[in-house]
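Let me begin by presenting the structure, written as C-alpha cells, before commenting on it.
The values are calculated or read from the model by the stated rules, or taken from the named source; none is laboratory data. Source: prediction; values computed, not measured. In this analysis, Cβ positions are derived from the backbone assuming ideal geometry, glycine residues included, and neighbour counts consider all displayed protein chains. With ligands, DNA and RNA removed, areas are computed over all heavy atoms of the protein, side chains included. Shrake-Rupley method; radii C 1.70, N 1.55, O 1.52, S 1.80 Å.
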Amino acid sequence: MIGKKIIKLSTVDSTNNYVAKLFRSGKISSGTVIMSDIQTNGKGQRGNIWTSEPLVNLTLSFPLDHKTVSVNNLFHINYTVSLAVFDFIKKYCPSTKIKWPNDTYVNGKKIAGILIENQFDNSGFKSSIIGIGININQEYFQNLKATSLYLETNKNYNPSELLLELIESLNKRFDQLKSMRNQVIKDDFDEQLWLKDELHLFEANGLTFEGEIVKTSDDGCLLINTAGGIKSFRNGEIIYLTK
Ligand code: BTN
C-alpha cells in the first residue's frame, strides 16, 4: 500500500507541502511516497523548521486516505508511524526509543522526526499527510541533541536503499492497524517510550516536578506518575528536563 509508487525529487520546499498539493488535485494516490534530496523549507512540529543537510539524509512524505486503513482514532496513525520508524532505526541502533509524542531517539539524541498533518472536509473525508525526516549520513549538527545513523554506527548508508527498508516497516505496522490490532500497536508504542518507568525531572506550567512516565492515554496524552498522583499532558504541555 505505501510506496507502491515512489517519486524522487532533487529539490523541493517541503515534501509535506508538495504531497498535500498533488494529493488535493488528485495527481497522486494514497500511499505514494515522495522523497527529496534537498528540502529548502522543511517543516517541523509546532511551526518549527526541519533542517537537513542536502543529499545525505531521508526526507519523505506520503498521503494516507483514512478509508484505506481502519482509523477510529487519529492518534493510532501517530503510534503506527512512530513504531515503523522506530522498528527501522532499531535494526541499526539497539538503544532506539520513542520520545513522546513521536520523535525517535538514540542514546538520548534525536535521530528522526515525524510531522503528521490531518485534513477533514464537509463530507467527512479524512486524510493525513505523513512526513518523516531521518538523519542518515550527516556528520555535524548545530544542535548537540541531534544524531544520525552514521554517528551512531560509524557507517555510511545509501538513503535510497534505506527508503525501501523504511517502507517495508511502514507497511508491516499499517497492516497491523488495518487488521484492527490497535491495542498491539498502542502497547508496543508505550513499551518503547524513552525514560519510561524511571524517575525524571519535568516542567509544566512553569513548575518543575519529578515523575515516572507510565504510558499514553487513548486520546494521545502522556501519563506521568507524580507525588500528586497520575497526571496527563498534551503535546506541547510538558518539557523534559533530563539532559
Ligand atoms: C519534527 O520533529 O519537528 C518533525 C520533523 C518532520 C520533518 C519531515 S522531513 C519530510 C517532511 N517534510 C517536511 O517539511 N517535514 C517533514
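What the table shows:
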| read-out | value |
| --- | --- |
| Overall dimensions of region 134-243 by Cα: Rg and Dmax, Å | 17.6, 49 |
| Overall form of the chain per C-alpha gyration tensor (a/c, 1.5; a/b vs b/c) | oblate |
| Inter-site label distance for Asn41 and Met180 at 7 Å from Cα along Cβ, in nm | 4.4 nm |
| Bridge type composition, the chain - antiparallel percent by DSSP, nearest 5 | 85 percent |
| Pairwise centroid distance, computed over Cα atoms, of region 115-139 with region 171-222, Å | 20 Å |
| Distance between modelled label sites at Asp121 and Leu55, nm, 7 Å Cα→Cβ extension | 4.0 nm |
| For the chain: accessible area per residue (Å², 1.4 Å) | 49 Å² |
| Solvent-accessible area of Val56 with every protein chain in place, 1.4 Å probe, in Å² to the nearest 10 | 30 Å² |
| Linear extension gain, Asp13 paired with Ser160, 0.36 nm per residue minus alpha-carbon span | 51.0 nm |
| Relative contact order %, the chain, counting alpha carbon pairs below 8 Å whose residues are six or more apart | 17 percent |
| Where Thr242, Thr96 fall by accessible area, highest first, once all protein chains stay in place (1.4 Å) | Thr242, Thr96 |
| Dipole in debye (nearest 20) - the chain, about Cα centre, beta carbon charges: Lys, Arg +1; Asp, Glu -1 | 540 debye |
| Using a Förster distance of 30 Å, the FRET efficiency for Lys67-Ser232 (Cβ separation, nearest 0.05) | 0.45 |
| Percent accessible area from carbon and sulfur atoms, region 94-243, protein chains only, probe 1.4 Å | 48 percent |
| Exposure ranking of Phe120, Phe202, Phe141 by accessible area [1.4 Å probe, largest first] | Phe120, Phe141, Phe202 |
| Which of Ile167, Ile230, Ile116 is most accessible, then next, and so on - probe 1.4 Å | Ile230, Ile116, Ile167 |
| Label point at Tyr240 placed 7 Å out along Cα→Cβ; residues across region 119-151 whose backbone nitrogen lies under 14 Å | 145-147 |
| Spacing of the two label points (7 Å from each Cα toward its C-beta) at Lys4 and Asn143, in nm | 3.5 nm |
